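Below is one structure; the comments refer to it alone.
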Amino acid sequence: MFSDLEEIESILKGEIDKIAEQVSSGMCEDYVHYKHLCGMMEGLTRAIHMVKDYSSRILEEMDNDNNTEH
């Protein structure tokens, strides 16, 4: 399960890298396009944080379950 979450995080980071390459190479048509790409990067970054928070929460719950069983 956690390898799946790591793969998702890796895919999201790859998408951020692609967008950052577009922005840094001057491929934005105008300011509106630039803002759109920045918004996409922000959304993907938030998604990465959500995946990390979810995996941390699952690990914590698993740890709590293991501690209460003993």
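The values are calculated or read from the model by the stated rules, or taken from the named source; none is laboratory data. If you're wondering where the values come from, they're calculated on a predicted model, not measured in any experiment. Note that we place each Cβ from the backbone using ideal geometry, even for glycine, and neighbour counts take in every protein chain shown. These area figures cover heavy atoms from the full protein model, side chains too; ligands, DNA and RNA do not enter into them. Shrake-Rupley method; radii C 1.70, N 1.55, O 1.52, S 1.80 Å.
Tabulated values for the structure
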quantity	calculated
Stretchable slack from M50 to D30, in nm (0.36 nm times residue separation minus alpha-carbon distance)	4.1 nm
Reachable aspartates and glutamates, given that their alpha-carbon falls under 17 Å from the alpha-carbon of K35 and they are not under 8 places away in the same chain	E15, D17, E21
The chain: calculated mean residue ellipticity at 222 nm from DSSP helix runs of at least 4, using -39500 (n - 2.57)	-32000 deg cm²/dmol
Accessible heavy-atom area order of K18, K13, highest first, probe of 1.4 Å	K18, K13
Accessible area of M62 in the full protein assembly, 1.4 Å probe (Å², nearest 10)	90 Å²
Accessible carbon and sulfur surface of the chain relative to its total accessible area, %, 1.4 Å	53 percent
Probe 1.4 Å, all protein chains present, accessible-area order of V32, V51, largest first	V32, V51
Area accessible to solvent at H36, 1.4 Å probe radius, in Å²	100 Å²
Two-decimal log10 I(q)/I(0) for the chain, as the Debye equation yields it once each C-alpha is a single scatterer, q = 0.21, 0.23, 0.26 Å⁻¹	-0.86, -0.94, -1.06
Residue-normalised accessible area of the chain, expressed per residue, 1.4 Å probe, Å²	79 Å²
K13-I58 FRET efficiency (beta carbon distance; Förster radius 22 Å; 0.05 resolution)	0.60
Label-zone membership for the stretch 53-69, site E6, 7 angstrom Cα→C-beta point, backbone N under 18 Å	53-60
Most positive-pole-ward Cα, S24, I11, M40, against dipole of the chain from beta carbon charges	S24
